[in-house]
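Only one structure is covered here, and it is reproduced in the block below.
The values are calculated or read from the model by the stated rules, or taken from the named source; none is laboratory data. As the structure is a prediction and not an experimental result, all values here were calculated from the model. Glycine also receives a Cβ, built like all others from the backbone with ideal geometry; neighbour counts cover every protein chain displayed.
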Amino acid sequence: MSKGKNQHVVPHPDGWAVKGAGNSKATVVTKTQKEAITKAETIAKNQHSDTKVHGQDGKIRAGNSYGNDPHPPKDKK
């Protein structure tokens, strides 16, 4: 299964936008960042890709992977 585009949650004049990596247009625009994160997670899960959550300053502050990670964390318990 091929991996889809990473989904970025970015500031938008009308609130927050979800954009696929490399896309100039937003997939969806929401009023709150929380709503945008929920939408981005749904898309990323369906596409087996990652989310990248940006802050107001544009820097990535969080993210999750929903794909097949070639280097998953090792449980050291």
Worksheet item: Can you pull out the residues in region 1-22 that are surrounded by 13 or more Cβ atoms within 10 Å (Cβ to Cβ), part of a loop (DSSP other than H, G, I, E, B) and among the polar types (S, T, N, Q)?
Response: ASN6
Worksheet item: Looking only at region 53-77, which residues are farther than 20 Å from LYS39 by Cα and at pLDDT 90 or above?
Response: ASP57
Discussion item. Restricting to region 23-53, name every residue that is assigned to a loop (DSSP other than H, G, I, E, B) and either surrounded by 16 or more Cβ atoms within 10 Å (Cβ to Cβ) or of a type in the set (Asp, Glu) (or both).
Written reply: ALA26, THR27, SER49
Response to the item:
If we keep only residues of region 16-64 that are within 18 Å of LYS5 (Cβ to Cβ) and among the charged types (D, E, K, R), then the residue farthest from the chain's Cα centre (by Cα) is LYS25
